[in-house]
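Remarks on the structure that follows.
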Amino acid sequence: MAHTCFVLKLYLVLGKCAVCALISAHTAHLPPANAGEGRKETVIIKLIIMAVQTEIYLAGKLHNLVFYTMGGKKLVRSRPSNVKQSINTLTRSRNFGIASAAARVLRSQLAPVIPFPKDREVQNLFTGAISRWLGLSDIASLTPQTPGALIGFSFNQKIAFTDRCKIPFIISNNTGELQISIPEFIPTESFAAPAGTQQVQLSFCLAGCGLLQPGFGNRATKQLVLPFNQQLQAAQTLALPALTGRGTLLVLVAAVRFMNEQGKADNREVFLPAAVLWSVYY
């Protein structure tokens, strides 16, 4: 008896289907051609699947592969494995979602003072700072505290706020009100301004959001326009209304703009400092 073995290898290659038929035939113990006996052949086909398709269209599931159509293209993906996540992993994931929602609300309130409100890198860094503060905490039982990971956060990665403004602000939190005490100072000594600066615009924005009540927000702003000269500026205190409900996160951001004699701000990145001066969670 004789048999011929054919081996067909079908390669499905990611992004493009390359069908490579490698047929190897070998015959053993074949009788002479003139023996007049019929030949019986056994054909063995082996499919070796590596990834995706274009010319041979499959649909459905095959082992851990799923063949499907999307956007007019024939694709294949592997089925996800069942992964058991630890309690810590689940907690971090939940808290990251809370941080992302809180950061979005806070950024919208801070948009008038921060220099790059739509910068994705800064957005991600701010979300990350809130997420690091939350860590593995249970948000439902989180006690009032100072979020250290937020204080000093810069909304401009090109320059630190303290590199442009040297004023030692004193922040005090009273019931329903935040007070910013500004000691006396000389502008030319307290601000590192670009050449040609005539005025300094100093802005404060108090933003708040509810971690236990998504969507809740609070915003209050104050702005000072100061002459850039060597005259001593008198000490003063600014007051901003602050909502202090349970589960509220508050952040106070300060920003500086340097104005020339035409009243135009210097928009170079290194002259647009903005940072979190103070933060609290109730």
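Where a number appears in this text, it was derived from the coordinates with a stated rule and is not lab data. Please read all numbers here as calculations on a predicted model, not as lab measurements. For neighbour counting, all protein chains shown are included, and Cβ atoms are generated from backbone atoms with ideal geometry for every residue, glycine included.
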Query raised in the report: What is the calculated FRET efficiency for S181 to D138, with r their C-beta to C-beta distance and R₀ = 25 Å, to the nearest 0.05?
Result: 0.10
Report task. Could you calculate the contour length gain from F116 to V225, that is, 0.36 nm times the residue separation minus the distance between their Cα atoms, to one decimal place in nm? Result -> 37.1 nm
Query raised in the report: If r is the Cβ-Cβ distance from Q213 to D163 and R0 is 51 Å, what FRET efficiency results, to the nearest 0.05?
Result: 0.90
Report summary line: Going fewest to most other Cβ atoms within 10 Å around each Cβ, I159, I186 line up as I186, I159
Report task. Kindly state, to the nearest 0.05, the FRET efficiency for V270 paired with I170, given R0 = 30 Å and r defined as their beta-carbon distance. Result -> 0.65
